[in-house]
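Enquirer: If you scroll down you'll find the structure; I have some questions about it.
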Amino acid sequence: MPSRPTPRLPVRLLGVVAVLALVLAACGGDDDATQDASGSTTINVPDDHATIQEAVDAAEPGDLVLIAPGVYEEAVDVETEDLTIRGLERNGVVLDGGFELENGIRVLVDGVAVENMTARNYTSNGFFWTGADGYRGSYLTAYRNGDYGIYAFDSVNGQLDNS
């Protein structure tokens, strides 16, 4: 009995199937955080995490915490090194201490950049780095804070600009 030829998919169709499989694999996961080619993740507030503190706590070194416009009534402690915390709109991303919270963003580790946001109404500082080696604060606005708007204490190898 003669054998039937095995049906074969055209090479072009196989390529399309392979690409679709890769796209579907990349879409997996529990949240919308995205990873770039270097392995760093972008964590979006409030889409991936409701608060800045939750996003910072979930971040790994090298990650970007990206904050959508809104008023955030919280005090954020950063204890993960080498993060970038960036607002999408300098005057639209506002941390508000309500004259009750001590610091807007307090950085306790090395290599953290805070960018493009506003802090107001804190009893101490809007943006505060302490004991950090390597830090950056760029495009920050701070007003009506008890001590300093932007303050780096006992910190070295840092830069504050356009603030």
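Enquirer: Net charge within 11 Å of Ile85 by Cβ-Cβ distance, Lys/Arg positive one each and Asp/Glu negative one each, not counting Ile85 itself?
Expert: The answer is 0.
Enquirer: Still on this structure, I have one more. Please give me the summed charge of the neighbours of Asn145: other residues whose Cβ is under 14 Å from its Cβ, Lys and Arg +1, Asp and Glu -1.
Expert: In short, -1.
Enquirer: Given H placed on each backbone N at 1.01 Å, which residues far from Val93 in sequence or on other chains put an amide H within less than 5 Å of it?
Expert: Here Gly70, Thr118 satisfy the definition.
Enquirer: Treat every Asp and Glu Cβ in segment 41-104 as -1 and every Lys and Arg Cβ as +1, leave all other atoms uncharged, and give the resulting dipole magnitude about the Cα centre to the nearest 20 debye.
Expert: Charge dipole of segment 41-104: 360 debye, to the nearest 20.
Enquirer: Still on this structure: Taking amide hydrogens as modeled 1.01 Å from N in the peptide plane, which residues meet the under 5 Å criterion relative to Glu74, leaving out close sequence neighbours?
Expert: Asp96
Enquirer: Subtract the Cα-Cα distance of Phe99 and Asp82 from 0.36 nm times their separation in residues, and report this length gain in nm to one decimal.
Expert: The span from Phe99 to Asp82 would gain 3.2 nm if fully extended.
Enquirer: Further, regarding this structure: Figure the gain on full extension for Ser138 and Glu60 (residue separation times 0.36 nm, minus the Cα-Cα span) and round it to one decimal in nm.
Expert: 26.0 nm
Enquirer: Once a ≥ b ≥ c are taken as the square roots of the eigenvalues of the Cα gyration tensor of segment 82-163, is the result rounded (a/c under 1.5), prolate (a/b larger than b/c) or oblate (a/b not larger than b/c)?
Expert: Judged from the Cα gyration tensor, segment 82-163 comes out oblate (a/c at least 1.5, b/c at or above a/b).
Enquirer: Compute the signed sum of charges (Lys and Arg +1, Asp and Glu -1) over the other residues within less than 11 Å, Cβ to Cβ, of Gly111.
Expert: With Lys, Arg at +1 and Asp, Glu at -1, the neighbours total -3.
Read-outs throughout are calculated quantities, based only on the coordinates presented, and are distinct from any laboratory measurement. Note that the structure is a prediction, hence the values are computed from the model and not measured. Using ideal geometry, Cβ is built from the backbone for each residue, glycine included, and neighbour counts are taken over all protein chains shown.
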